[in-house]
Amino acid sequence: MQYYTDINSYKGLERTAVTLGKFDSLHRGHQKLIQSIQRFAQEEHVKSVVFAFDINKDTLLTNQERRQHLETKVDCMIECPFTKDIREMKAEVFIEKILAEKLHVSYVVVGTDFHFGYKKRGDVKMLAEYAPQYNYQLKVLDKELFQNREISSTYVREALKEGNVELANFLLGYSYHMSGVVEHGKHLGRTLGFPTMNIVPADRRKIIPRFGVYACRVWVDGKCFHGIGNVGVKPTVTDEMRPLLEVFAFEYKGNAYGKSITVEFCAFERPEEKFTSVEELKTRVDEDIMFGKEYFQWQN
């Protein structure tokens, strides 16, 4: 996959099938758009292009994660920073200069509520009006629905805020996850018999789920381990108030310090708590471990 972080760097001459949007989570609705340009690429022998407006706000998917998700699915990924020039570009100019002259578009695929251009004047109606002039076909896809509600990044955010990662994972079509480098902590978990791995999210824009304990899958060195994780500020043992993720992978025996790991959230157990003693904490963590083991036993 070709990858660009600036539309001006794109020099392709091939005809393209383009889908446009924020793509800040690649949920099931986004995947529907991408599958459409994949079909055009296969059947019409054009280049599949995902054009993402990089808004630079809190996100469900970092740019690196989005790139990894799309690596084998499309021919080209363009991350377009939402600069003043892009933000204030008239919608008609965007169609002419970006879609027609830059991307040589043959097929445009968007959702029903897609807007673009200065003050969001551009919409699917305008794209349809200009299609004959610039010789492209427009395909507008209806929203994917779940529980009579449109699947959206907002829907996913709400689920994560409630700790409902199972709903979030369904809406996404994959497990919500966080990655980071394992750092040294106070080694309390090792002392109590459950050595943990502490990570701070690699990208601070990445949305953190509701503070609490989850059943998790932990990926280390390309291998997957079942475990439990606490996301929060660890109020029993520290006053730093720095959000981090602490995970215990049941069968992992190695030394993970300095390694990059990925943690998938599978099921919420309980909110984060402040305990009156380390002994009370250990008793509760033993129950958490039992929850995690029973969850994955049930999954199998």
*Accessible area of Y4 in the full protein assembly, 1.4 Å probe (Å², nearest 10)*: 50
*Of (i) 69, 50, 33; (ii) 73, 40, 36; (iii) 65, 49, 45, which is the value of Cα extents along the principal axes in Å derived from the coordinates here?*
(ii)
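Would you mind classifying region 195-235 by shape? Square roots of the alpha carbon gyration tensor eigenvalues, ordered a ≥ b ≥ c; an a/c under 1.5 is rounded, otherwise it is prolate if a/b is larger than b/c and oblate if not.
On the way: a/c = 1.84, a/b = 1.31, b/c = 1.41.
Oblate is the answer for region 195-235, as a/c is 1.5 or above yet b/c matches or exceeds a/b.
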*Across region 71-87, in residue order, what do the Karplus-derived ³J(HN,Hα) couplings come to in whole Hz, using 6.51 cos²θ - 1.76 cosθ + 1.60 with θ = phi - 60° and x for Gly and Pro?*
3, 9, 9, 10, 7, 8, 10, 10, 9, 9, x, 7, 6, 4, 4, 6, 4
*Rounded if a/c is under 1.5, else prolate if a/b beats b/c, else oblate: with a ≥ b ≥ c from the C-alpha gyration tensor eigenvalues square-rooted, which is region 237-300?*
oblate
_As a quick test, which of the pairs K73/K293; K47/K161; K90/K139; K32/K293; K32/K259; K11/K143 have an alpha carbon distance above 29 angstrom in this structure?_
K73/K293; K47/K161; K32/K293; K32/K259; K11/K143
*Can you run phi through the Karplus equation (6.51, -1.76, 1.60; θ = phi - 60°) for region 101-115 and list ³J(HN,Hα) in whole Hz, with x for Gly and Pro?*
7, 8, 9, 6, 6, 10, 9, 10, 10, 9, x, 5, 9, 5, 10
*Assign one of three labels to region 63-217, namely rounded, prolate or oblate, based on the Cα gyration tensor with a ≥ b ≥ c the square roots of its eigenvalues; rounded applies when a/c is under 1.5, prolate when it is not and a/b is larger than b/c, and oblate otherwise.*
prolate
*What are the residues whose amide H is under 5 Å from the amide H of L138, where those residues sit 5 or more places off or on another chain and H is modelled from the backbone?*
V108
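Relative contact order for the chain using alpha-carbon pairs under 8 Å, separation at least 6, rounded to a whole percent? Before the final figure, lay out each step's value.
Working: 561 pairs, mean separation 46.9, N = 300.
Normalised by residue count, the contact order of the chain is 16 percent.
What value does region 1-126 have for Rg/Rh, both radii from Cα atoms and Rh as Kirkwood defines it?
Across region 1-126, the Cα-based Rg/Rh ratio is 0.92.
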*asked:* Can you order the peptides 261-270, 51-60 by their average number of other Cβ atoms within 10 Å per residue, highest first?
replied: 261-270, 51-60
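Calculate how many DSSP beta bridges within the chain are antiparallel, expressed in % of all such bridges and rounded to the nearest 5. List each step's numbers first, then the result.
Values: 36 of 61 bridges.
DSSP beta bridges in the chain are roughly 60 percent antiparallel.
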*Using a 1.4 Å probe on the protein chains only, how many percent of the accessible area of the chain belongs to carbon and sulfur?*
48
*What residues have an amide H closer than 5 Å to that of F250, excluding those fewer than 5 places away on the same chain, when H is modeled at 1.01 Å from N in the peptide plane?*
H226, G227, I228
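If the chain between V140 and R121 were fully stretched, how many nm would it gain, using 0.36 nm times the residue separation less the Cα-Cα distance?
On the way: separation 19, 0.36 × 19 = 6.84 nm, distance 1.71 nm.
Difference between extended and current length: 5.1 nm.
Tell me which trypsin sites (Lys or Arg not before Pro) from region 87-174 have a DSSP coil assignment and no more than 16 other beta carbons within 10 Å of their own. Before the final figure, lay out the partial values.
Values: sites: R87, K90, K97, K102, K119, K120, R121, K125, K139, K143, R149, R157, K161; in loops: K90, R121, K143.
Sparse-neighbourhood loop trypsin sites (Lys or Arg not before Pro): K90, R121, K143.
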*asked:* Run through region 57-137 and list the GluC sites (Glu not before Pro) located in a DSSP loop whose Cβ has at most 14 other Cβ atoms within 10 Å.
replied: E71, E88
_In region 34-155, if the dipole is taken from +1 on Lys/Arg beta carbons and -1 on Asp/Glu beta carbons about the Cα centre, which of L127, Q137, N56 is farthest to the positive end?_
N56
*Roughly how many whole Å is it from the C-alpha centroid of region 157-188 to that of region 64-130?*
30
*asked:* Per residue, how large is the accessible surface of the chain? Use a 1.4 angstrom probe and give square angstrom.
replied: 51
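Calculate the dipole size of the chain relative to its Cα centre from +1 charges on Lys and Arg beta carbons and -1 charges on Asp and Glu beta carbons; express the result in debye to the nearest 20.
Numbers: 42 positive and 42 negative charges, 100 e Å.
I would put it at about 480 debye.
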*asked:* Can you give me the long-range amide H partners of K22? Hydrogens built in the peptide plane at 1.01 Å from N, cutoff under 5 Å, separation of 5 or more residues or another chain.
replied: F53
*Just grab the label-to-label distance for T283 and N148, each label 7 Å out from Cα along the Cβ direction, in nm (one decimal).*
4.6
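The values are calculated or read from the model by the stated rules, or taken from the named source; none is laboratory data. Keep in mind that what you see is a predicted model, and the values were worked out from it rather than measured. For neighbour counting, all protein chains shown are included, and Cβ atoms are generated from backbone atoms with ideal geometry for every residue, glycine included. These area figures cover heavy atoms from the full protein model, side chains too; ligands, DNA and RNA do not enter into them. Shrake-Rupley method; radii C 1.70, N 1.55, O 1.52, S 1.80 Å.
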